[in-house]
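> I have a structure I would like to understand better, so I am pasting it below and will then ask my questions one at a time.
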Number of protein chains: 2
Amino acid sequence: MGFRMTETTSGQLRVNLRPEHPTALRLIDVTVEMIDAHGEVAVRVQDVVAAAGVQIPVLYRHFGNREGLIQAAHVRRMQNELASFLEEGRERAGLAQNRDEFLRTFDQVLDVLFGPERADARFKRLNVVGSGYGRPEMEAVLVELQQEASGRLGELLKPAQDQGWIPATLAIPTFIAWLTGLAMSQTLIDLVDDAELTQGWIAMSKKTAMAILSDTI
Amino acid sequence: MGFRMTETTSGQLRVNLRPEHPTALRLIDVTVEMIDAHGEVAVRVQDVVAAAGVQIPVLYRHFGNREGLIQAAHVRRMQNELASFLEEGRERAGLAQNRDEFLRTFDQVLDVLFGPERADARFKRLNVVGSGYGRPEMEAVLVELQQEASGRLGELLKPAQDQGWIPATLAIPTFIAWLTGLAMSQTLIDLVDDAELTQGWIAMSKKTAMAILSDTI
């Protein structure tokens, strides 16, 4: 590969996976683009430093090795995905004036969440979370990000619960985790690319989610 | 890395991802063990050939490069995971004499599916499916395997539908895909490692799955 990797494995990695240095951020941006386009395997250290306009030792100083860079890039991909999802939620939050409006709005949120436009975002998220296998430090950061995002999404639902539009007994963070996990798993359906299966899966997912939310289950 | 990779990328890979040659199978077994233990990044070609007792050119002949080997290993991991899951289902299929017994049996299957003993299997499956990002040929094989397994799992439920214990309108393959995807997404919950969240998530998943199956939604 031209670039000599250090002896550290992912298990012994001591790298800041959320760096703030502008050069580190530039290297991450380039790597995220490469992973998003062709997967982790397509990331070549020489290409990354060339695209970021730095020398290899600079990358080495920030990330230890290719593995450290890739982990930091996955963390950024998770952040990107969660941010775009939070934005969707925020846009629609607080618009409802009563329970019916709230449930209708949530139904629309589910259409977006399970919609074809989000297929790539779903696959990216599955790729990021799945790539934490064998990388405990990175997975810990991913879980932390996921928990943060769930908390913020939960806050968007809290007013509806305070109004009595959502069952008081519903643990919102659990519901959010359940729902976003379900959406991630939709990748398996997206990849089969069968219209009947897709429609049936979405109907099943919407029906169960709305039943939990409207307390009819 | 010592081993010179060819110019082929995952996108241009021309490798049999389900080989039958005993040497290829040995190389795959060794690689599966390494990925299962420490993730894809831990796979070193030198270690694989050493453990399999062959020379590097042999590996090269069967898989083209490290990437081809890894993809074949992921396919095998998917096969292993699906086989173990099918076995669980088969053990319990056909035991019920009436609808109540059937629903009780299915409830027990869900306890196993969402149980702590399957946490590693869930993470492996998530890792395998997620690693198909940017690897279209491999992903196509994974989807095919998934569809085959869903079909076989569906056959186990067919007699119950014929007996009228499951709604006649329920598309069993869709339900199986929904349920196994949901179980895969549980990894996000497993990793948070919070007893209350875990219990709440399992209760939500069981309640919705049983509602679909018993037509109370």
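> Can you go through B:N80, B:N98 and tell me which one is within 18 Å of the chain's Cα centre (by Cα) and surrounded by fewer than 21 Cβ atoms within 10 Å (Cβ to Cβ)?
B:N80
> A follow-up question, please. Taking the conditions exactly as written (without any contact (Cβ under 8 Å) to a residue 40 or more places away in the chain, within 28 Å of A:M138 (Cα to Cα) and within 11 Å of chain A (Cβ to nearest Cβ)), does B:G132 satisfy them or not?
no
> Can you find a residue in the range B:148-165 that is modelled with pLDDT under 95, among the aliphatic types (A, V, I, L, M), in a helix (DSSP H, G or I) and surrounded by fewer than 15 Cβ atoms within 10 Å (Cβ to Cβ)?
no
> Going through the range A:173-216 one residue at a time, which ones are in contact with a Lys or Arg (Cβ under 7 Å, 6 or more places away or on another chain) and assigned to a helix (DSSP H, G or I)?
Within the range A:173-216, A:A183, A:M184, A:T187, A:D190 qualify.
> Then there is this: Being facing another protein chain (nearest Cβ under 7 Å), more than 15 Å from the chain's Cα centre (by Cα) and of a type outside the set (G, A, S): is that true of A:K207 here?
Against the criterion (facing another protein chain (nearest Cβ under 7 Å), more than 15 Å from the chain's Cα centre (by Cα) and of a type outside the set (G, A, S)), A:K207 qualifies.
> May I pose another question? All but one of (1) in a helix (DSSP H, G or I); (2) assigned by TED's automatic domain parsing to the domain that holds B:T208 hold for B:L59; state the number of the condition that does not hold.
Every listed condition holds for B:L59 apart from (2).
> Which condition number does A:L82 fail, the rest of (1) outside any helix (DSSP H, G or I); (2) in the same structural domain as A:P159 (by TED's automatic domain parsing); (3) at negative phi being met?
Failing condition for A:L82: (1).
> For B:G134, which of the numbered conditions (1) in contact with a His (Cβ under 6 Å, 6 or more places away or on another chain); (2) assigned to a helix (DSSP H, G or I) fails to hold?
For B:G134, the failing item is (2).
> Still on this structure, I have one more. Looking at the range A:37-60, can you tell me whether even one residue there is within 26 Å of A:Q147 (Cβ to Cβ), modelled with pLDDT of 95 or more and aliphatic (A, V, I, L, M)?
No, the range A:37-60 contains no residue that is within 26 Å of A:Q147 (Cβ to Cβ), modelled with pLDDT of 95 or more and aliphatic (A, V, I, L, M).
> On to the next question. Out of the residues in the range A:166-191 that are among the β-branched types (V, I, T) and within 11 Å of chain B (Cβ to nearest Cβ), state the one that is surrounded by the fewest Cβ atoms within 10 Å (Cβ to Cβ).
Ranking the candidates gives A:T169 first.
The values are calculated or read from the model by the stated rules, or taken from the named source; none is laboratory data. Given the structure is predicted, the values throughout are model-derived calculations rather than measurements. For neighbour counting, all protein chains shown are included, and Cβ atoms are generated from backbone atoms with ideal geometry for every residue, glycine included.
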